[in-house]
Amino acid sequence: MTIRAENSLVATDSTEGLVSIKVGKQAFGVPVLSVQDVIAETPINRVPLSPPEVAGSLNLRGRIVTAIDMRCRLGMPPREGDDRSMSVIVEHGGELYALVVDDVGDVLWLEPSEHEPGPATLTPLWRAVCSGLYRLEDDLLLVLNIDQVLTLTAPTSLAA
């Protein structure tokens, strides 16, 4: 397998660009063309009555951005109080969203011919948000489908 990590965000016809991220101990890839920015930990304001996956909102250079807690979205335990996080800013439907992740790695340029479907052993939740995987030298990189990641559950209604 050919893996190239580059600082350039220029894709070629024969490669798929993915920004590598970590959520818990699992490596994921976010399509590079979906990524607008990567920011260090920033204050997030809680939004009342939002779906559990919504960590809140943050201010990104004067724009209000909805922050999605990827640990919650993927059914993982919450991060410990002293664990640091980063945000990958993606655009979807004309709106900006911050995917709150544990770490952000390199941009990987991978051969589309080596893209494999997700294994049957993935949980239904992970299968729903992943479009497949790449086998890296020391890890599996699950490719996130941003449209599916941002399809959130409806908030629970309050009893009257």
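The values are calculated or read from the model by the stated rules, or taken from the named source; none is laboratory data. Since the structure is predicted, the reported quantities are computational estimates derived from the model, not experimental observations. Cβ: placed from backbone, ideal geometry, glycine included. Neighbour counts: every protein chain shown. Surface areas here come from the heavy atoms of the whole protein model, side chains and all, with no ligands, DNA or RNA. Shrake-Rupley method; radii C 1.70, N 1.55, O 1.52, S 1.80 Å.
Determine the calculated [θ] at 222 nm for the chain from helices alone, applying -39500 (n - 2.57) to every DSSP H run no shorter than 4 residues and normalising by the residue count; nearest 500 deg cm²/dmol.
That calculation yields -1500 deg cm²/dmol at 222 nm.
If you roll a 1.4 Å probe over the chain with all protein chains in place, what percent of the accessible area is carbon or sulfur?
The computed percentage sits at 52.
Within the range 18-160, what percent of beta bridges assigned by DSSP are antiparallel, to the nearest 5? If you can, show how the numbers build up before the last one.
Working: 35 of 42 bridges.
The antiparallel proportion sits near 85 percent.
Among 100-112, 31-43, what's the highest-first ranking by average C-beta atoms within 10 angstrom per residue?
The peptides rank, most packed first, as 100-112, 31-43.
Just subtract the alpha-carbon distance of Leu136 and Ile64 from 0.36 nm times their residue separation and send over the number in nm, one decimal.
On the way: separation 72, 0.36 × 72 = 25.92 nm, distance 3.56 nm.
Stretched fully, the Leu136-Ile64 segment lengthens by 22.4 nm.
For a protection proxy built on the mean count of beta-carbon atoms within 10 angstrom, sort 76-89, 58-71 highest first, please.
Result, highest mean Cβ count within 10 Å first: 58-71, 76-89.
Which three lengths, in whole Å and largest first, does the range 19-79 cover when its Cα atoms are put on their principal axes?
29, 27, 17
So for Cys72, Cys130, what's the accessible-area order with a 1.4 Å probe, most first?
Highest to lowest solvent-accessible surface, that is Cys72, Cys130.
Mind checking the per residue accessible area of the range 51-135 for me, 1.4 Å probe, whole number of Å²?
Value for the range 51-135: 49 Å² per residue.
What does the net charge come to around Val88 if you take all other residues with beta carbon closer than 12 Å to its beta carbon, with K and R at +1 and D and E at -1?
Residues near Val88 contribute -3 overall.
What ratio of Cα Rg to 2.2 N^0.38 Å holds for the range 1-151?
1.02
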